[in-house]
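Below is one structure, written out as structure tokens, with a few remarks after it.
The values are calculated or read from the model by the stated rules, or taken from the named source; none is laboratory data. In this text, all values refer to a predicted model and were calculated from it rather than measured experimentally. So basically every Cβ, Gly included, is an ideal-geometry build from the backbone, and we count neighbours across all protein chains shown. The area values use the complete protein model at the heavy-atom level, side chains included, leaving out ligands, DNA and RNA. Shrake-Rupley method; radii C 1.70, N 1.55, O 1.52, S 1.80 Å.
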Amino acid sequence: MAHIIMFQAYGPPHCKPHTFSSIQMRNGSIAPSHKRSGVFPSATCELYEFVGQGVERIQIVFSEFRLPSKLEPNECGETDILMVFFNFDGRDEVVETLCGDTLPKPILSNGPRLLLEFRSTFNNTENKGFTADFIFLTNFGVSTGHQPSPSECNFYYFKNASNQGWIQSPNFPGAYPRNIRCNYYFYGDPLDYVLIRFTYFDIEGITPCDEDSASDYVEFSNFNTRDRKYPFYCGTRRDLITRSDGRFFRISMVSNDRLDGTGFRALYAFESTLNMMGPGSGAIGSGGLYGVGVVGAAGVPFIPGHYQVATSTTTERNVAASVAKVTSGKRGAGMLAASCSARLAFHSDTSVLLSGVLLLLLVLPALFASQLTANPPAPTSSPTVVGV
């Protein structure tokens, strides 16, 4: 159950410290004292100190924020402010100063210690202060997936747990931590691939998004090691889509100690290769082709010269159904029919489809002949059931 803590300012302008330890409470809410009385005092300083244990971090999520500034947006000047301090090598340093009417994004500390300092300079009835929730956590602000170790930013997603869901960068939609590497591992069934659709992407950096350009980046890989067919990705992108070559996929986000971004959010889904039918544009992974693109007019990734898995057309479904019906009960022929119909799905024009139909017409008579030779009809008039 969350605790709501209200503070009372006293007399002369000085910062009265208020300490919260994860040993005493795991989460709660904070708000300045005037939230209770409705009177906003001037010359007030309140200091909120959060102390965690071990690898714990503190996350602050604002539910109300109103400290209007008379200056330009994002300029606080000599107004009422809320300062955020991170601890670097034993020193508390200001990393952000907040004011205005816009609700700040979540804050995640860089370690087990965090300071918030609230300063009231003017007696202004328009200033309503702020209300925020705090929590001590070890999951880096990532609420999905399985995290084996609280000290490492590694998250695992298994199809047998959920065949689709969301992933996000640490502390999303707030700034992700500096000097961090987070890995997201996906494990599907043997015939699965993993489809990732990013709905938000803001990773600080410039092309080529590597250490030489002092960039943070996101990496895609079909292995635990580097997959060189994928470049690094950074900057701001819209509707980025990628997919694996097989049942395993890894996404890694790496940040340095310089500038910040607000990270990413993506929808993942485990899909079966048996559904890989139909024309389109984009990329296929199982054939070894690249699997990254942006959404086109049809809602699928567009990469020139590649083909995208999609839903089969009516003609292809009818052909596949006819072949399956004719070869019903015959294991080898059924497998060939499935293979042929799958091949029919990957076409770029009508000529490929017609060639596939012609191939079926040439192959099926030979299949029937071989099946009749191996399984001659029973001499009796009673019906015979052929096992699959």
Would you check if there is a residue in region 144-158 being open to solvent by less than 20 Å² (accessible area, probe 1.4 Å), among the small types (Gly, Ala, Ser) and at pLDDT 95 or above?
no
Scanning region 242-282 residue by residue, those assigned to a strand (DSSP E or B), among the hydroxyl-bearing types (Ser, Thr, Tyr) and at pLDDT below 95 turn out to be SER272
Report every pair of residues separated by at least 6 positions or lying on different chains whose Cβ atoms are under 6 Å apart, first residue within region 161-172 and under 12 Å from ASP260 (Cβ atoms) and in contact (Cβ under 8 Å) with a residue 60 or more places away in the chain, second open to solvent by 20 Å² or more (accessible area, probe 1.4 Å) and not in a strand (DSSP E or B).
ASN171/PRO106
Does PRO112 qualify as being of a type outside the set (Ser, Thr, Tyr) and either open to solvent by 60 Å² or more (accessible area, probe 1.4 Å) or touching a Ser or Thr at 6+ places or on another chain (Cβ under 7 Å) (or both)?
no
GLY129: passes all of (1) within 19 Å of PRO106 (Cα to Cα); (2) in contact with a Phe, Trp or Tyr (Cβ under 6 Å, 6 or more places away or on another chain) but (2)
Quick check on LEU274: is it touching a helix residue (DSSP H, G or I) at 6+ places or on another chain (Cβ under 9 Å), open to solvent by 60 Å² or more (accessible area, probe 1.4 Å) and not basic (Lys, Arg)?
yes
Do we find a residue being open to solvent by 20 Å² or more (accessible area, probe 1.4 Å), touching a helix residue (DSSP H, G or I) at 6+ places or on another chain (Cβ under 9 Å) and either in a strand (DSSP E or B) or closer than 12 Å to TYR193 by Cα (or both) anywhere in region 226-238?
no
Taking the criterion of being assigned to a strand (DSSP E or B), open to solvent by less than 10 Å² (accessible area, probe 1.4 Å), more than 20 Å from CYS15 (Cβ to Cβ) and modelled with pLDDT of 85 or more, would at least one residue in region 73-96 satisfy it?
no
